[in-house]
Structures are given as C-alpha cells and as structure tokens.
Amino acid sequence: MPFVNWLKRNLVVLAGLFTLAYLLLPNIIVTVFSFNKPKGRFNYEWQQFSLDAWKDPCGVSDLCGSLSVSLQIAFWATLGATLLGALIAFALVRYRFRARGAVNSLIFLPMAMPEVVMAASLLTLFLNMGAQLGFWTILIAHIMFCLSFVVTAVKARVMSMDPKLEEAARDLYAGPFQTFVRVTLPIAAPGIAAGALLAFALSFDDFIITNFNAGSTVTFPMFVWGSAQRGTPVQINVIGTAMFVVAVLFVLVSMAVGNRRSRQKA
Amino acid sequence: MSTLTEAPPPLAPDAPGPKPPRRRGRLTPYWLLLPGILWLLVFFALPMIYQASTSVQTGSLEEGYEVTWHFATYWDALSAYWPQFVRSVLYAGTATVLCLLLGYPLAYLIAFRAGRWRNLIMILVIAPFFTSFLIRTLAWKTILADGGPVVGALNSLHVLDVTSWLGLTAGDRVLATPLAVICGLTYNFLPFMILPLYTSLERIDGRLHEAAGDLYARPWTTFRKVTFPLSMPGVVSGTLLTFIPAAGDYVNADLLGSTDTRMVGNVIQTQFLRVLDYPTAAALSFILMAAILLMVTFYIRRSGTEDLV
Amino acid sequence: MTNTTDPGGDVRLTGIAKTYGAFTAVHPLDLTVPQGSFFALLGASGCGKTTTLRMIAGLEEPSAGTVFLGDQDVTALPPYKRPVNTVFQSYALFPHLDIFENVAFGLRRRGLKSVKKQVEEMLELVQLGEQARKKPHQLSGGQQQRVAVARALINHPKVLLLDEPLGALDLKLRRQMQLELKRIQTEVGITFIHVTHDQEEAMTMADTVAVMNGGRVEQLGTPADLYENPRTTFVANFLGTSNFIEAEVDSQGGEDIVLKAGGGKLVLPEARCSAPASTGGKVLVGVRPEKISLTHADDAGEIPEGRNRITGRIADSSFIGVSTQYVVDSPVCSDFEVYAQNIDRDPRLVPGAEVVLHWNPAHTFGLDAAQSVFAGTEGSAGVEEAA
C-alpha cells in the first residue's frame, strides 16, 4: 500500500498545511471582499466585483482619521516602550542588584494578565485621578503593556552577547558611555528592532485596553468595532488588505537585503 | 630578574586591610530601571490597588463611592455571573487544546519538514497579525454564514448533528453559537501557540531523531519519547499565551456569538462601560485576575518549568 | 633586572589578592614582571591566573594590594585609562565592525583623527592588509587571532596581556602562532604577560614562567629551571612527567645525599634537593622519564658504576615513533615511566622482561615527602589548594 505509506509519512505535513489554511482563510476573505459591492450596510455577503473602495479608501467619514490616530499612538508608544524597555533589559542582563526577582515579576505580570483586567484597572485609576480620557491615556496604556514585550526581546539579544566585547572596548580606551554607544548598542540593535516592531504591531492592533481608556478618541480598531454594529464599509477591507500586503513586502524586502548582505560576506 | 617574595598571610575578613578602592557604578542599574519600573508601578501595579479598593466600595455614580469593605460585592458578582466564568474557562480551555492540536503539526512542519519553504511559511504565520484582528474576526462572519459552503459541508458530513448534541451549535446555524466563538478564539490566538512551539522545536538537534531511529524507535515512539518531551517548554508557554488572553477576551463572543455565549470579559466590559457599576466590574475583574494567576502558578509548578521569563 | 634603561614598563604587583565571598581566587601575591620580558602565567583552569591578569588589565577590582606600572599606581584606574591592552580568549572582536575599524578602535577612542596609515601598517605587520574590509566572522581562527593582537598592539601599550590567546586554534596553527607571537614580541619590545594552561606553550614562548596553583604562585623561573629543578610535585607533574620514589636519607656528606629505597641506594646532589634532609628523614626522589636508560637484566653487568639504578619488570610498552614509552613495575615505584629513544631497539625489551633502570645521579631531584605525588597530574590538576 504505497499510498497509505506516503500518507503516514506526510500526515504531519498535511495537518500543518491545513492549519496554515485555517490561519490564512480570513485574510483571503478580507482581500476578496475588498472588491465587493455590498447591497446593504454590511459587507458579509458577496454581491459583485467593484474597485470602488480601492479608488476611494478614505471615502468613509472618520476612517482615515482613526487610522492616523492609530499610527500616531503606535509611533509614540513604540518609541516610549522601546526606550524604557531597552534600559530595563540592559540593567537586568548586565548588572547584579537587589530586588531583581521583584523587577522580573513586575515585567512578567503584564504579559500574564488578561487584557480586560489591565484595561479595567487602568480605567479605575484614570477615573480616580479625574484624568481626561483620550489620546494621552491611550498612549500611557500602550506604553505600559508594550514595555514587557520589549524587555523580553531585548533581553534575549543582550544575553546572547559576549560580555568580553564590552570588556574589550573598555580595554581599548572606551569609557562607559563610549562602550555603550560604540559596542553594546550596535550589537543589541537587532533585538531592539524586534522589540520595537512587536510594540508597534501590538499598539496598532490593540482594541480591548484602548476601548476602556479612549474616551471619545477613535483609533482604527475602535472604528472597526463600531462599524461592526453600525455597518461595515468595504474600505475597512481595503485597509486590512493593504496592511497585509505592506507587511509581507516589508518582510520580504528585509529578508532579501539580509540575504544579499550575508552572501556578500560569504 | 623577577622576584617572588613570601606572600603575607591572608587578611582576616574584618582586619582593617585596604578597602577596595573603586565603587563606581553601584547605582547605574537603578538609574536604568527607574523610568520603566516607575511606569509599570504607576500604570500597572497602582491601578490594581485602585481596582481592589473600588471592588469593596459602595455608593452610586451620582453620590460617589466610598470604601466600606463591602465584600458582599464579590459574592453577589459570583452568584450572578458564575455561568459566564464557567463559560470563559470552558471556551478558553477548548480553544487552547484546539490550538495545541492545530498548532503543533504546523510548528513541527516549519521546524523539521519545511526545508527552503521555512521562511515563507513563517511569514505567512506572522503576516496576518498586521491586518487588524477585528477585521479578520469579522471575516469569520462571512466564512460561517448561514447556508454558506462551510456550514453546508459540515451539515452534509453530519458534523453539526454531533455539535448540536454537544450543545455547541443550534440547528443548521454555526454563527451565534459556542462553536463560532471557540472557532474565533482558536483562530485569534493560534499564532501565540505556534511561535513558542516552533522556538522550542527548532532548538532540538535533528541528530536526536536519527539517534532515536538508530536505537530502534519507530517515528511515533521517537515523537512521544524524544521530540514531545523536549518541546515541553514551548507547550507550556504556548498554552499559557493562548489560554490567558482567550479567557479574558470579549471580542469573539461579541462579534461571533450571541447573548448565550457571553464570557466574563463581556460582563466586565458591559458593567464598566455601559452599566457603570464600578464595584461589581472591579470585583469581577479581580476574581478573573486571581483565578488566572492561581491557575498559571499551579500549571507552571506542575509542568516544572519555572524559568519561563 | 639591571640592564633595562627605563623602568617605566615594569609591572609590579604587591600583596594583590582577589576574593569572591568566601572563595579566594588569588591569595596575596607579590610579583614583578620586568619591562620587555615575555612572562607566562601557567596553571590549570581555576588556579587564579586569569584573575591575576584581569586585575592588571583593570577588568577586575583587587580585594587587596596594589598594581604598579613602573612607578605609577594604577590600582584605582579603570581599564580605559590604563596603558595596558589585552588579547582576549576567543578574541572578542567587535562583530559589527570590519577588521580595519576593529584595529582602529583604540586609536579612535583616544581621539586620533587620521588613523589610516597606522592601521594599515599594523595590518601589514600581522599580514592581513588584504582583509581590512572584511567582518571578523569571515576570517579564519588564526586570522582573527592576529587581528586581536593587532588591535591591542597598535595602541603601543606598556604591557600586552594575552589571555589564552591560542586556546581556540588547532595544534598546527597554535605552533605557528607561538613563533609568530614570539617574533612580534621581540620586534616591538613590549612586555607580554601570557596566561595559558598549556605547559609546552609557556615553555616555548616565555622567558620567565610562573606556575600557579590554587591561587598562589607555586614556583617561578626560566622554563629550563622549572623543568630541571621543580620544587614541588605539582610543578614536577604539571610540566612534563616525573617519576617519584619515596626514599629514606641514609647519609649526607659532601655534595651528595645518599638515600635508601627498597633494597638499593640512590644518590642525590644536595643542591638539587629542595627539602630539608636529615639522616633518617624521608625525601621524595624524582627523575624525568627521558633521563633514564633501560637495560635488560641479563646485561646488568655492563651498566657503568656510579649510576643510580633500580630493578623492575616491563609492564607495558608503546611505540610512538621517535621514542618508545615503557611502564616499568618496580618494587620501589609501580608505574615507573621511561622514554627510550629509538636508536638501537633491544628486541628483548617487551612486557614481562626483567630490566634495570639507571640514570646519572645529577639528573635526580629531591622534594619534600610530605606532599601528594599526584599533585598536578591530570586527575587532580588545579583542584587542590597548596598546603
């Protein structure tokens, strides 16, 4: 029974591809339906092919405004979380100090906490302080929950770095600051970049925490949430598809650059 | 030439010997930690305290709230919303198991069988992240639409009969049933299972498989005795990364479910943002947090991998 | 050191020590390394040699004592203010910089603007001119090692510290680099302090070797002196192989000590005995395997008078080309090792044969009997604290 044998050998491959299909099916639907021309307010059923939405992606009021809010928040949250997180990561890997266990728990807990709990408790704080909910409260919340992920990413990179490199720099007349700027930072850069990318993605796509702490500010995920109740414009699918394509292109290009570089080296 | 004189006896620890001359940089780590830790203390830890305090307050929105150590709120919240709690655990648990069953083959495929396709498949796993998860979750409304091809296929295969009998679906519908919510949860958190699994599988030396085969282990035995145990760290962190957010999620239950599929996240959200019953909402949130922390601690102890961070 | 004109490059350690909590890595230690010498710190891992080196570099804070460079007390100076450079174990080349920038690193940090000429000259010295724009990981181990040397030497340090610089290279390349380093040292005339666990490396390269064990300097001297006149069993075993016979002092007179071991007598020059010898007292008699001649028992009569001799039976022999190594079972010492040059091989010398071992008494050395004869052998190297 050669077929049964083949099946046995490749069962794991088939199962894996099934999972991959499951993962990608929604993206395919999103893309296909970005060319739809729905009859009613909701874009859940296929009607007819149309490029209308692609020609006019900002045609729905507030959509591009919310996109811009999301991008701004993601940018500043990435900057803040990366800066604060990288400093913590360096401290954790390079120094011995008291309260190390407590610091580690404080980093770990936000990642082990359901978002809704953090969202609700942060809202309690803001309400108690009488803070005006909006752009700033969203930004504060995003920096808070992105921080731990940045620490983890940077820590992994700095940990794999040979401490002898920093000693060599100090031996070669670089003071503490020079050592950090000339040696530590460039070598840790890939980890910092990975952390920053993760922070950007997390912040840009966050809904739950934002929903609690946004006040009347509308980010892109909140716009989508709202439209799920009021009616989903096709433009949402256009934006979703565009983000997917941009992300894939970004990764492909960076991989191609990386490949070419390593081929030059070889 | 070189000289070596008799070394003096070692100094007793408390002898007034020469002190270490340099004490530079003792404070450096604290300066590095300060801003980030302060941020977490003020915007993560402090809110928890506020929440705990809110949960034992009484009063009303108009008259204001006061701490009265009213622990009955907890009891009231639990007795009113225990079905949602149970549902959260059941849905999240089922979704986690499904994620493991679905995610393991794919992680294995990427780690050992993908060859030159490895990077491409990795990109395909990660790239959906960049399309807002709400948009992708809405797509499931189309996929699982009544009378659509997926529901039709499940119906003709009599799968829906089984799921109806289990109480997961109702009649010919999938949308607005527990199955749809679990399907959405599984989909949304699947990458959080695949990535840690892949990381731990990738570290396994391929020669171990050859060694196991050389020592008369059949492929399935090799998997059971070598591969799976070595991938345990990935299994543990994957299940945690899936279960925790799934248990607190309210998006899938809201978009794909009905009022009968409401989870604890939905209740907290409604109490906080619509009903404005802050003490109940805070108590619920606190119970959820405590329950998850307890489960996580127990789970990590049991699986013997305490160095997850 | 009287022949140096400038004492500015002497490295002087006075009472320097390093403790980590209850563990003492380096016991208070006095050491002077004269300018321009090639000095080796030799010992097994964990003996404190690297810690000592790092204290000179400033990478480790001494718990006590002072480090002098010439007349300057540098104990409190951070590494980047010391005129000392290090070649690190596994090199620690900056992976994100190319070879040129790696070598230029120190000069640039000291604010030099035009470094091109110096760097190019230095790369020529280590024969890497072609590789200037490559990244470290594109070079072979030997080339990386030379970059590490160039990167340190270009700063014209008063002292160059080498921390197991050849440990990562294969045997052949290591031989080649030993000669190369020695050549560079002679050329630039800078003090080299070289840390190694490889006794052959230390003996080939260094003018002076300090053997360290358990955080102390066990013995210090020229390679030949250490090999011929070890003062402890540790040194005798760590540098090459030694045979030991426990013997009792029979009589002392003139320049020789006469000892009783088993049934026979052995002669030991008084000058080569580092232990206090009194009649009736015990002494460890040592002799190197290559100093011993092996004669079949049937020809015992042909052995000249005046040689130390013991009898035994060959337990094992292994032919290794240039010589044959025998293990001889003798009443005074089991596992007596003898290396015989393969000049005229006696076919009767096979395992089981009765033999007489004999050697010139001048090659005998005497040690204090109150120490383990296994100190410094592979099984115990570095683990025992010197008593």
*For segment B:104-114, enumerate the residues that are of a type in the set (A, V, I, L, M), at the interface with chain A (Cβ under 7 Å from one of its Cβ atoms) and over 21 Å from the mean Cα position of the chain (by Cα).*
B:Leu109
*asked:* Consider segment A:80-102. How many of its residues are without any contact (Cβ under 8 Å) to a residue 60 or more places away in the chain and not hydroxyl-bearing (Ser, Thr, Tyr)?
replied: 10
*Kindly provide the set of residues from segment C:83-97 that are within 8 Å of chain A (Cβ to nearest Cβ), modelled with pLDDT of 90 or more and in contact with a strand residue (DSSP E or B) (Cβ under 9 Å, 6 or more places away or on another chain), ordered by number.*
C:Val84, C:Asn85, C:Thr86, C:Phe88, C:Ala92
*Is there any pair with a first residue in segment C:300-312 that is among the hydroxyl-bearing types (Ser, Thr, Tyr) and a second that is part of a helix (DSSP H, G or I) whose Cβ atoms are under 8 Å apart and which are 6 or more apart or on different chains, and what are they?*
C:Thr311/C:Ala297
*Which residue pairs have Cβ atoms under 9 Å apart, sit 6 or more places apart or on different chains, and have a first residue in segment B:214-233 that is outside any helix (DSSP H, G or I) and a second that is modelled with pLDDT of 90 or more and among the polar types (S, T, N, Q)?*
B:Ser231/B:Ser200
*asked:* Being touching a helix residue (DSSP H, G or I) at 6+ places or on another chain (Cβ under 7 Å) and not small (Gly, Ala, Ser) is the filter here; which residues of segment B:274-286 pass it?
replied: B:Asp277, B:Tyr278, B:Pro279, B:Thr280, B:Leu284, B:Phe286
*Identify all residues within segment A:169-195 that are within 7 Å of chain C (Cβ to nearest Cβ) and without any contact (Cβ under 8 Å) to a residue 12 or more places away in the chain; write none if there are none.*
A:Arg170, A:Asp171, A:Leu172, A:Tyr173, A:Ala174, A:Gly175, A:Gln178, A:Pro186
*Have a look at B:Ile182, B:Ile204 and point out the one that is outside any helix (DSSP H, G or I) and β-branched (Val, Ile, Thr).*
B:Ile204
*Which residues, taken from segment B:213-259, are within 21 Å of B:Leu138 (Cβ to Cβ) and either of a type in the set (Gly, Ala, Ser) or more than 13 Å from chain A (Cβ to nearest Cβ) (or both)?*
B:Ala246, B:Gly248, B:Ala253, B:Gly257, B:Ser258, B:Thr259
*asked:* Report every pair of residues separated by at least 6 positions or lying on different chains whose Cβ atoms are under 6 Å apart, first residue within segment B:115-141 and more than 7 Å from every other protein chain (Cβ to nearest Cβ), second surrounded by 17 or more Cβ atoms within 10 Å (Cβ to Cβ) and part of a helix (DSSP H, G or I).
replied: B:Arg118/B:Ile110; B:Thr137/B:Gly184; B:Thr137/B:Leu255
*Restricting attention to segment C:347-365, which residues are out of contact with any helix residue (DSSP H, G or I) (no Cβ under 8 Å at 6 or more places or on another chain) and either part of a loop (DSSP other than H, G, I, E, B) or not assigned by TED's automatic domain parsing to the domain that holds C:Pro276 (or both)?*
C:Pro347, C:Leu349, C:Val350, C:Pro351, C:Gly352
*Residues of segment C:172-191 being without any contact (Cβ under 8 Å) to a residue 60 or more places away in the chain and either in contact with a strand residue (DSSP E or B) (Cβ under 7 Å, 6 or more places away or on another chain) or within 16 Å of C:Gln89 (Cα to Cα) (or both), which ones?*
C:Leu173, C:Arg174, C:Met177, C:Gln178, C:Leu181
*asked:* Every residue in segment A:93-113 that is part of a helix (DSSP H, G or I) and in contact with a Pro (Cβ under 8 Å, 6 or more places away or on another chain), please.
replied: A:Arg94
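Say we look at segment A:151-185 and pick out the residues that are farther than 21 Å from C:Arg54 by Cβ and among the small types (Gly, Ala, Ser); which of these is surrounded by the most Cβ atoms within 10 Å (Cβ to Cβ)? Reasoning before the result, please.
In the first step, residues of segment A:151-185 are kept if they are farther than 21 Å from C:Arg54 by Cβ; the result is A:151-160, A:177, A:181-182, A:185.
Filter once more, so that each one left must be among the small types (Gly, Ala, Ser): A:153, A:156, A:160.
On the way: A:Ala153: 24, A:Ala156: 14, A:Ser160: 11.
Ranking the qualifying residues of segment A:151-185, first place goes to A:Ala153.
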*asked:* If I filter segment A:128-144 down to residues being at pLDDT 90 or above and facing chain B (nearest Cβ under 8 Å), which single residue comes out as surrounded by the fewest Cβ atoms within 10 Å (Cβ to Cβ)?
replied: A:Ile140
*Any residue at all in segment C:87-100 that is over 19 Å from A:Arg182 (Cβ atoms), in contact (Cβ under 8 Å) with a residue 24 or more places away in the chain and of a type in the set (Phe, Trp, Tyr)?*
no
*Taking C:Ser274 as the residue in question, decide whether it is free of Cβ contacts under 8 Å to residues at least 24 places away in the same chain and within 30 Å of C:His197 (Cα to Cα).*
no
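Tell me the residue from B:Gly147, B:Gly171 that is within 13 Å of chain A (Cβ to nearest Cβ) and over 27 Å from B:Ser237 (Cβ atoms), please.
Numbers: B:Gly171 fails: within 13 Å of chain A (Cβ to nearest Cβ).
B:Gly147 is the lone residue from the list that is within 13 Å of chain A (Cβ to nearest Cβ) and over 27 Å from B:Ser237 (Cβ atoms).
Of everything in segment A:88-105 that's buried (at least 21 other Cβ atoms within 10 Å of the Cβ) and facing chain B (nearest Cβ under 7 Å), which residue is nearest to the chain's Cα centre (by Cα)?
First, pick out the residues of segment A:88-105 that are buried (at least 21 other Cβ atoms within 10 Å of the Cβ): A:88-92.
Now restrict to residues that are facing chain B (nearest Cβ under 7 Å): A:88, A:90-91.
Working: A:Ile88: 20, A:Phe90: 22, A:Ala91: 24 Å.
Filtering first and then ranking leaves A:Ile88.
The values are calculated or read from the model by the stated rules, or taken from the named source; none is laboratory data. Predicted model only: the values in this text are computed from it and were never measured. Note that each Cβ is placed from the backbone with ideal geometry, even for glycine, and that neighbours are counted across all protein chains shown.
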